[in-house]
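Working notes, beginning with the structure itself.
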Amino acid sequence: MSATGIKIGGLVLASPVVAAPMAGVTDKIFRLLAREAGAALTFTEMISAKGLLYNNRATWELMDLRGEEGQVGVQLFGKEPQVLAKATRLAVEAGAALVDLNMGCPVPKIVKNGEGAALMRDISLAREIVAAMVEAAGGAPVTVKMRKGWDNGEVNAVEVAVAVTAAGAAAVAVHGRTRDQYYSGRADWGIIKAVREAVNVPVIGNGDIWGPQDALRMLEETGCAGVMIGRGALGNPWLFRRTRIYLQEGRLLPGPSVGERLAMALRHLRLAVEAKGEAVAVKQMRRHLAWYCKGLPGAARLREAINREDTLAGVEEIIRAYLENVS
Ligand SMILES: Cc1cc2nc3c(=O)[nH]c(=O)nc-3n(C[C@H](O)[C@H](O)[C@H](O)COP(=O)(O)O)c2cc1C
């Protein structure tokens with residue numbers, strides 16, 4: 001089974017399993033858990049290049065990579081080549097292993113501004129941006145994450161990928177959905193294959209990897225060099241290692257037990273409390289905790305009970321009582 005590491009420019013990844021950037025999700029703590037669980041590369045949330053240059057505090061917090069041991073990619077969004085170039089320099093200084101340009105974000109606030117997925121509609125600008133970023137990166141790889149296209153009438157990932165790699169992008173990640181699909185419908189892996197056949201840099205396939213077998217199927221069907229996992233890893237960091245082992249050794253490890261899931265949920269919560277304080281963390285973590293509980297017996301009731309708690313001790317008690325009842 002072929003599934004060794006990947007080389008992106010000068011950056012060597014130990015395995016082909018990559019954690020996707022997700023706004024509001026892939027903060028420092030998520031990245032730590034993903035890395036521990038076996039992701040070879042993690043990403044920040046998308047970060048406004050302009051926000052960095054304007055010294056926006058919240059924006060800078062997203063780029064805090066201090067203390068992180070593994071490879072972290074910083075993902076930037078924006079549309080002005082010189083702004084993105086300066087932000088790229090800042091990202092490299094902050095410790096980015098690579099700098100990625102967001103060409104996939106579908107939300108109106110972003111695309112109305114000509115950023116995110118809207119960049120796929122202006123290929124010469126995209127090319128100019130990537131060239132400016134590559135020049136500013138001082139040797140660190142610059143990558144692009146894109147979609148299949150804007151909509152079904154405008155499927156142009158191949159053309160975009162050829163343009164940005166000609167401008168120096170060291171890898172491209174392709175999400176097999178159009179902008180107007182957002183996250184619905186099934187991802188089209190055919191477009192990943194088409195991009196792979198058109199460019200000479202590693203292609204990272206993305207979209208609908210929910211289990212280790214999906215990752216193998218994507219590698220086999222598309223010939224991509226790496227797989228990027230997003231929603232499948234929510235409340236489920238084990239998916240990274242299970243996928244890596246399945247690809248590299250052909251062994252399918254079992255998923256986590258109920259106890260393991262809730263222990264990880266509590267660890268995630270405690271790390272968040274340490275980093276952000278109890279009041280903020282307990283509220284922010286409700287989404288994550290719901291993801292960890294998904295599929296457990298009585299998950300809806302467990303989630304509701306957790307959501308009524310405002311303290312770490314309260315959540316710990318709910319989970320302790322739940323475990324006592326299920327075992
Ligand atoms: C909550 C959420 C936030 C996301 N934020 C980003 C982002 O900041 N940058 C980005 O390139 N993609 C973002 N995405 C898209 C994912 O990286 C990925 O392309 C998409 O979810 C498809 O992969 P999946 O089927 O494995 O989830 C986000 C997706 C979700 C669900």
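The values are calculated or read from the model by the stated rules, or taken from the named source; none is laboratory data. Computed from a prediction, not measured in an experiment: that's the story for all the values here. Backbone-built Cβ (ideal geometry, glycine too); neighbour counts: all protein chains shown. For accessibility, only protein heavy atoms count, side chains too; no ligands or nucleic acids. Shrake-Rupley method; radii C 1.70, N 1.55, O 1.52, S 1.80 Å.
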Query raised in the report: What is the residue count in segment 91-109 for residues that are open to solvent by 10 Å² or more (accessible area, probe 1.4 Å), among the aliphatic types (A, V, I, L, M) and within 13 Å of the ligand (Cβ to nearest atom)?
Result: 1
Query raised in the report: Which is within 16 Å of the ligand (Cβ to nearest atom) and buried (at least 19 other Cβ atoms within 10 Å of the Cβ), of Gly190, Gly185, Gly226?
Result: Gly226
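One line per residue, one yes/no per condition, for (1) open to solvent by less than 30 Å² (accessible area, probe 1.4 Å); (2) over 21 Å from Pro141 (Cβ atoms); (3) in contact (Cβ under 8 Å) with a residue 12 or more places away in the chain:
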| position | (1), (2), (3) |
| --- | --- |
| Leu32 | no, yes, yes |
| Arg57 | no, yes, no |
| Glu69 | no, no, yes |
| Leu76 | yes, no, yes |
| Pro81 | yes, no, yes |
| Arg89 | no, no, yes |
Query raised in the report: Does Glu220 satisfy the condition of being in a helix (DSSP H, G or I), among the acidic types (Asp, Glu) and modelled with pLDDT of 95 or more?
Result: yes
Report summary line: If we take segment 230-296, then helices (runs of 4 or more DSSP H) inside it with 2 or more residues that are of a type in the set (Gly, Ala, Ser) are 258-276, 278-284
Requested in this report: Determine if segment 151-165 includes at least one residue that is part of a loop (DSSP other than H, G, I, E, B), crowded, with 19+ Cβ neighbours inside 10 Å and among the acidic types (Asp, Glu).
Outcome: no
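Which of the residues belonging to segment 4-57 are of a type in the set (A, V, I, L, M), within 14 Å of the ligand (Cβ to nearest atom) and within 16 Å of the chain's Cα centre (by Cα)?
Val17, Val18, Ala19, Ala20, Met22, Ala23, Val25, Ala34, Ala39, Leu41, Met46, Ile47
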